[in-house]
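These notes concern the structure reproduced below.
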Amino acid sequence: METLSSSSILPANVSQPTYNRKLLKPGIVHIGLGAFHRAHQAVFTQKAIEKTFGAWGIVAVNLRSADPVNALQDQDGLYSVITRSAEGDKADIIGVTVDWILAADRGGDVLAYLSSPDTRIVTLTVSEKAYGLDPVTGGLDLQHPAVSADIANPQAPTGVVGFLVEGLVRRRERGLLPFTVLCCDNLPSNGHVVRRLVLEMAEKRDPELARWIDDNGKFPCSMVDRIVPAATEETRNRAKSLLGVEDRLAIETEPFMQWIIEDDFVSGRPRWEAGGAVFATHVEPYEKMKLRLLNGSHTLIAHLGILHDLEFVRDVMAVPEFVQKVERHMESVVGTLDSVPGIDLPLYRKQLLERFANPTIAHRTAQIALDTSQKLPQRLLSATVETLVSGKDASAFAYVVALWIKSIHKRGDLDDPRKADILAAAASADPADPSASFFAIKGLFPPELVSARDWRDQVNAELAKL
Ligand code: CS2
């Protein structure tokens, strides 16, 4: 079967870019060419360009995996996003990607783009673990492989922070302004986090450079939301039947999408409002709401799914007892949230339950359970600390930690950067105090929780019930 390309003739109900792709110039470098980016920032950017054409084409950079880069090459930069709902499936072709690079092979080309006057924004979706963030200090983890490699050999970076710093070095040498760094990963105050990491690495190189970035750089925070399961053979088959051609990059997603962005850019930005993005002065309340209510519930659902052999989020949501657990969890979370401008929290919660239950979205519980150690702090543990400080009941959060521990025992394995420590904790667990070895893992639980003996007893009590 033919592969999607710019000469494909597609069915009339498949929407295609309405702008002239040949005239689209690069303006954004995006690092992390995963499913999420393809169904989120790229879609918003396409809508912005359709509304107001401008030099906002995306150069898509993947740090390590070659597959999506090769697929973009074979498909002239095109791919489809399939939006699934009870109303049916709708395919849209996205054409905003103007170049594609595997950084591991062509790091020099990535740096050339990063130091080009045309590049005004660098967006990031590299996942929590890629930044080299030390959860205890909030600064750089010097043991992180990419961080140590990029400090040792800064001109040939391998990791996201190393690329940003080397790109900024070259811009400064060329007399250019910095690019705006727009983090789109699920981290709290994500712009501040990345700013700090970049400044720390820059400082090690040259304090003057760090000062220049501090004075001229911008790192707006942003809250991103769209549920985008990893694509499967089924996704590609669905694309085939909708498009009539093969699309190796097809992804499927829900209709909902949200992007709240701090409007603080060095040299302009696309009109992302055209896709429904909201520009706000303070993004933190939205991030906190989303990380704790959506992602925190996801982590709960993921481990319920693993323990009960339920493959997809929707399967967990089909069990009334588990829905009650999610509702109880959300109730505890709401006690930790400030009011969020423009958001009706009860409605937001109701929508989340509906989104999780969407029968057309096959979101694997195992996918969400990946890297749980990197997700617990912002999704669960900070809310737990705040709940305990205010003297409220945090047993709903103890339940999630117990589920996670139990799921490790059940699987005997996991995919997580702290895997070795976590498996060692599981192997040495003391039946009389089964969570103790997990709480002893360095830098995983905040000190306030390590010393919260009563709460840890609740984790043990939940474990005993499981
Ligand atoms: C999920 C998120 O995999 C996970 O950890 O919780 O990817 C989630 O689907 C998105 O943040 C939704 O916006």
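Where a number appears in this text, it was derived from the coordinates with a stated rule and is not lab data. Model, not experiment: these values are computed from the prediction. Cβ placement follows ideal geometry from the backbone for every residue including glycine, while neighbour counts extend to all protein chains displayed.
Using the Cα coordinates of the stretch 246-385, the gyration tensor eigenvalues translate into equivalent-ellipsoid semi-axes of 27, 21, 15 Å, sorted from longest to shortest.
Pairs 204/406; 218/375; 218/290: which are spaced more than 32 Å apart, C-alpha to C-alpha? As for pairs spanning more than 32 Å Cα to Cα, those are 204/406. Annotation: lysines with alpha-carbon distance below 19 angstrom to residue 51 (same-chain offsets under eight excluded): 22, 25. 3J(HN,Hα) along the stretch 284-297: 3, x, 6, 4, 4, 4, 6, 4, 7, 7, 7, 5, x, 5 Hz, from the Karplus curve 6.51 cos²θ - 1.76 cosθ + 1.60 with θ = phi - 60°, whole Hz, x for Gly and Pro. Straight-line cross-link reach from residue 90 at under 19 Å between alpha-carbon atoms covers these aspartates and glutamates, not counting any fewer than eight positions away in the same chain: 50, 233, 234, 246, 247, 252, 254.
Net charge in the neighbourhood of residue 107 (other residues with Cβ under 13 Å of its Cβ; Lys, Arg +1, Asp, Glu -1) is -1.
Quarter the surface of the alpha carbon convex hull of the chain and you get the mean projected area, 21.7 square nanometres. The angle between the Cα long axis of helix 233-243 and the longest principal axis of the Cα atoms of the chain comes to about 40 degrees, rounded to the nearest 10.
Electrostatic bookkeeping for residue 418 treats Lys and Arg as +1 and Asp and Glu as -1; over the other residues with beta carbon under 10 Å from its beta carbon, the sum is 0.
Each Cα pair under 8 Å and six or more residues apart adds its separation to the average, and for the chain the resulting relative contact order is 15 percent. Each Lys or Arg adds one and each Asp or Glu subtracts one; over the other residues with Cβ under 10 Å from the Cβ of residue 158, this totals 0. Working from Cα positions, state the angle (0 to 90°, nearest 10) between the long axis of helix 320-334 and the longest principal axis of the chain. Approximately 80 degrees, to the nearest ten.
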